[in-house]
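Accompanying notes for the structure given below.
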Amino acid sequence: MSKTVLALTGGLDSVTLAYYLKSKGTDIVGIFLDYGLPQSKMCKAAARHFAVRLGIPLEISNITGLGDMVRAHGFIAELDGGDSRDQGEHDLLDTGFLPNSDRRLTGFYNTLAPVSYLARILSIDSIALGVINDSCSKNVPVHNILDKWKLTMEAIDSIKATGESIPFDIQVPFIDMDKAEVIKIGDKLDVQFDATYSCLREGPIHCGECQSCTDRKEQFEKSGIKDPTWYEKKV
């Protein structure tokens, strides 16, 4: 049985990926990265819910200091390991951007490193990310970046006595799909969509207004599958 460390954010994409990997017989260890953002409490609750539901051990990593740094200098929404899409420069309240940021892969850096580190601690040679096409910048070759990270991990962990590298795999099966396609996969796998959380604002239910909520509603409509999410504002 294959084994992987999954960045489980509590969002729709990473949760669907958890169901997908389980359906393939993959042994999963989950990790939730707590950056101390306004939505972190609800995202963490969602991640814990699905970890219990799927029988996945879940590591909670408190890295709020890193979250403070990214809030000062970078893009907040991409801290979710792939569940938010690249959106351009917009208002922070609606999108998760800060005006000083011109880098699109902040979230990939902050996700790849701790998830890969946990994998190596546990002697697991694979990580899984819920990265979808919508979350990739049009200006950055994400496939190439992930390939280079894989080679970097293998080089760092090379067995010095023999010069051989330890294999390392990055599973991103949804990377060429949009969220509507992921929703269709999740529907077939009976994913409990209403228990996932991807709102950018703090609150017990989705606000229905931020960019993440707007995108969520649009993608459910595109998929042709009824959106079971409770929104504070329907319009």
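Structure summary
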item: Subset of the range 193-233 that is assigned to a loop (DSSP other than H, G, I, E, B) and of a type in the set (Asp, Glu) - its residue that is nearest to Ala18 (Cα to Cα); result: Asp227
item: Residue match in the range 43-50 (condition: closer than 17 Å to Thr111 by Cβ, in contact with a strand residue (DSSP E or B) (Cβ under 6 Å, 6 or more places away or on another chain) and among the aliphatic types (A, V, I, L, M)); result: yes
item: Among (1) modelled with pLDDT of 90 or more; (2) of a type outside the set (Gly, Ala, Ser); (3) in contact with a Ser or Thr (Cβ under 8 Å, 6 or more places away or on another chain), the one test that Ile166 misses; result: (1)
item: Where Pro173 falls short, out of the listed (1) surrounded by fewer than 19 Cβ atoms within 10 Å (Cβ to Cβ); (2) free of Cβ contacts under 8 Å to residues at least 40 places away in the same chain; (3) out of contact with any Asp or Glu (no Cβ under 6 Å at 6 or more places or on another chain); result: (2)
item: Checklist (1) of a type outside the set (A, V, I, L, M); (2) assigned to a helix (DSSP H, G or I); (3) loosely packed, with under 14 Cβ neighbours inside 10 Å applied to Asp190, failing item; result: (2)
item: One residue from Ser116, Ser135 being within 29 Å of Lys184 (Cβ to Cβ) and either at pLDDT below 70 or surrounded by 19 or more Cβ atoms within 10 Å (Cβ to Cβ) (or both); result: Ser135
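Rundown of residues vs (1) among the polar types (S, T, N, Q); (2) out of contact with any Lys or Arg (no Cβ under 9 Å at 6 or more places or on another chain); (3) crowded, with 16+ Cβ neighbours inside 10 Å; (4) more than 18 Å from Asp187 (Cα to Cα), yes/no style:
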site	(1), (2), (3), (4)
Thr4	yes, yes, yes, yes
Ala7	no, yes, yes, yes
Pro38	no, no, no, yes
Arg48	no, yes, yes, yes
Ile63	no, yes, yes, yes
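The values are calculated or read from the model by the stated rules, or taken from the named source; none is laboratory data. Note that the coordinates shown come from a computational prediction; the quantities given were computed from them, not determined experimentally. In this analysis, Cβ positions are derived from the backbone assuming ideal geometry, glycine residues included, and neighbour counts consider all displayed protein chains.
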